[in-house]
Amino acid sequence: MKKFVLIVAIFLGTLSSISQKWEHIYGEPNRNDLADDIIETYDKGYYIVAGYEGNGWNIKTDINGYGLYDKFLFHDLYQHRNFGGAAIDDNGNIYVCGGILMDASWPIVTKYNSCGEKVWCRVFINDYFEDGVCWDILVTDNDKIIVLIHHNSDDQVDQILLYCLNSEGDLLWTKPYASKNEHPEIAVAIGYNLNYYNNSYFIDGYCYWPYPGNPGQVYLRPLFIKIDSLFNEEWVLPFGVADSIVGEAYGTIALNDSVYFGMGVRRSSATYNQNSLLMFFNDQGEEIGYNQIANEDFGENVEFNLMAKIAPIDDTSFVTKFYIGKNDTVYHGETVIDTSGTIHEMQIRGTGGAIPDMIKTQDNNFLVAIEVEENKGDKDIWVYKFDKNLESVPFDTNTYVYDSLCPGGIQSGSIDITDCLIWTDVKEMPSPKEYFASLQSVNITAFPNPAKKSDITLSFTNTEHFENMELRFFDVFGKKVHSQKIYKYQGESKVNIQNWKPGIYVALVYSGGRVVAKTKFVVQ
């Protein structure tokens, strides 16, 4: 008997209890529900970023998948989807990105606190582009939010971009990657995933790139981009140009400090046959080789195979989420493979072709969230957990305290995102280089200047980036006349100058013995 999620957060547990398998279905009757992403939270629970009929839906579960609460998102005028992904910071805040359908589709990022409440949301509209969507998001160690954006434009110059926000939702910088300004060979480029390995960032996806010696004819290529810690583009790799590989990349894994491999698919334009592909390259962007997985490796009469997600078991073996076509039916399941592409274990879970999400959990198991069709026109979310042998895991019988950062408990309900702040000047934002240069100093201004009254006010910006600050005042002869401490995030300081002699003075801000700000003013 089928059970459904209700708005009061009654989640399905009956299926798991009967089958003795770690699996759950979430959904409502006569509605299309789907999972866009799933992440593990600080309290060992799971957060499912989902959608229904073009709207957002956030679900929080315990370690065994039983629902704790759910939140339905709504906008008075527009449809909103969470399909870009989610990330969590050390304070339990969750950041979700997706798209909102206005005059066109535009990227949206929303922050939820540890109580599941909306803190802020931002819609990014840029008149330079026709539309846009967010594909991935991550949180850095210093709590910066990096968002992977795809934009469409008539000239197709800049299509893959990173946006950087702080935890308050302020847009700090934007930068395009694989731009036609630097890579004129590129016709179209899309980035699916953003990963962080070895102090560098990696984007994978696809591009259209010409055959060598034939710039007028472009073909679909797997694409990898490496970006350094200051967000400078190190290299762009359209994989397999020399080998005439036609396909896409769906993930990047670091094998060690210098060797990486991407998982993707190789397509045949003649038959639209497709085969899973492991692509190897080094940290200099040089191709090492590739391994293609044949249809017969999955069994007899398999017409195509595609691995859509990958997660490591250890340094040499990996779990993948696959799809195969056989006898006009698409099946999905998981494999255990090594770097040669050899399949060691395989488990078929069901039929259907929806793109899933898969993560490795803190207990070294694996969690999949995928769309499942119960009845025609009725799609629900199937979440199941298994071990490295692809066997269902037992329920965790330990006791955990959930949502401990939110005393008083959390109630299910709805979240209004109608008041999202819309940015209209994205193209005017600084680049990472310009932004990081601005952090090398504190901006300081003195007013009124000249100062005629008993006080002068010093205003500051960028103080949040410095430690052990001190504000010192000197007269024209270099004699210190006053000093006081400045604190992180301090915005201004008022100083009494009633007994100061008329003349020119210099105000300096020191941090760690280094001058990081300077301004002059006159006392009359």
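The values are calculated or read from the model by the stated rules, or taken from the named source; none is laboratory data. The model shown is predicted, which means the values in this text are computed figures rather than measured ones. Backbone-built Cβ (ideal geometry, glycine too); neighbour counts: all protein chains shown. Accessible surface is based on the protein model in full, side chains and every heavy atom, while ligands, DNA and RNA are left aside. Shrake-Rupley method; radii C 1.70, N 1.55, O 1.52, S 1.80 Å.
Okay, residues lined up against (1) at pLDDT 90 or above; (2) surrounded by 20 or more Cβ atoms within 10 Å (Cβ to Cβ); (3) small (Gly, Ala, Ser); (4) in a loop (DSSP other than H, G, I, E, B):
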{"position": "34", "(1), (2), (3), (4)": "no, yes, no, no"}
{"position": "43", "(1), (2), (3), (4)": "yes, no, no, yes"}
{"position": "57", "(1), (2), (3), (4)": "yes, yes, no, no"}
{"position": "77", "(1), (2), (3), (4)": "no, no, no, yes"}
{"position": "81", "(1), (2), (3), (4)": "no, yes, no, no"}
{"position": "84", "(1), (2), (3), (4)": "no, yes, yes, no"}
{"position": "92", "(1), (2), (3), (4)": "yes, no, yes, yes"}
{"position": "95", "(1), (2), (3), (4)": "yes, yes, no, no"}
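Candidates in the stretch 149-171 are the residues that are in contact with a Leu (Cβ under 8 Å, 6 or more places away or on another chain) and touching a residue at least 60 places away in the same chain (Cβ under 8 Å); of these, the one that is farthest from residue 489 (Cα to Cα) is 160.
Among residues of the stretch 367-384 that are under 11 Å from residue 29 (Cα atoms) and touching a residue at least 40 places away in the same chain (Cβ under 8 Å), those with a Cβ under 7 angstrom from a residue that is of a type in the set (Phe, Trp, Tyr) and assigned to a strand (DSSP E or B), sequence gap 6+ or separate chain, pair up as 380/26.
Scan the stretch 142-162 and give yes if some residue there is outside any loop (DSSP other than H, G, I, E, B) and hydroxyl-bearing (Ser, Thr, Tyr), otherwise no.
Within the stretch 142-162, none of the residues are outside any loop (DSSP other than H, G, I, E, B) and hydroxyl-bearing (Ser, Thr, Tyr).
Of the residues making up the stretch 460-473, those that are open to solvent by 30 Å² or more (accessible area, probe 1.4 Å), outside any loop (DSSP other than H, G, I, E, B) and farther than 13 Å from residue 520 by Cα are 461, 464, 465, 470.
For the stretch 318-330, give me each residue that is open to solvent by 20 Å² or more (accessible area, probe 1.4 Å) and either of a type outside the set (Ser, Thr, Tyr) or modelled with pLDDT of 95 or more (or both). The answer is 326, 327, 328, 330. Cβ-Cβ contacts under 6 Å between residues 6 or more apart (or on different chains), taken from a first residue in the stretch 72-88 that is of a type in the set (Phe, Trp, Tyr) to a second residue that is not in a strand (DSSP E or B), are listed as 78/102.
Which of the strands (runs of 3 or more DSSP E) found entirely inside the stretch 210-302 contain at least 2 residues meeting this: open to solvent by less than 10 Å² (accessible area, probe 1.4 Å) and out of contact with any helix residue (DSSP H, G or I) (no Cβ under 6 Å at 6 or more places or on another chain)? Qualifying strands (runs of 3 or more DSSP E): 214-227, 247-254, 259-267, 274-282. Can you spot a residue in the stretch 487-494 that is more than 21 Å from residue 168 (Cα to Cα), open to solvent by 50 Å² or more (accessible area, probe 1.4 Å) and outside any strand (DSSP E or B)? No, the stretch 487-494 has no match at all. When you scan the stretch 501-519, do you find a residue that is at pLDDT 90 or above, touching a Pro at 6+ places or on another chain (Cβ under 8 Å) and surrounded by 16 or more Cβ atoms within 10 Å (Cβ to Cβ), even just one? No: zero hits.
Filtered by the rule that a residue be in a loop (DSSP other than H, G, I, E, B) and either modelled with pLDDT of 95 or more or of a type in the set (Phe, Trp, Tyr) (or both), the stretch 118-141 gives 128, 129, 140.
Restricting 445, 463 to residues that are within 30 Å of residue 117 (Cβ to Cβ) and under 42 Å from the mean Cα position of the chain (by Cα) narrows the list to 463.
Would you confirm whether any residue within the stretch 70-82 is of a type in the set (S, T, N, Q) and in contact with a Leu (Cβ under 7 Å, 6 or more places away or on another chain)? There is at least one residue in the stretch 70-82 that is of a type in the set (S, T, N, Q) and in contact with a Leu (Cβ under 7 Å, 6 or more places away or on another chain).
This table checks each residue for (1) touching a residue at least 40 places away in the same chain (Cβ under 8 Å); (2) among the small types (Gly, Ala, Ser).
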site: 407; (1), (2): no, no
site: 414; (1), (2): yes, yes
site: 444; (1), (2): yes, no
site: 452; (1), (2): yes, no
site: 458; (1), (2): yes, no
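Restricting attention to the stretch 339-358, the residues that are open to solvent by 30 Å² or more (accessible area, probe 1.4 Å) and either farther than 18 Å from residue 329 by Cα or among the β-branched types (Val, Ile, Thr) (or both) add up to 9.
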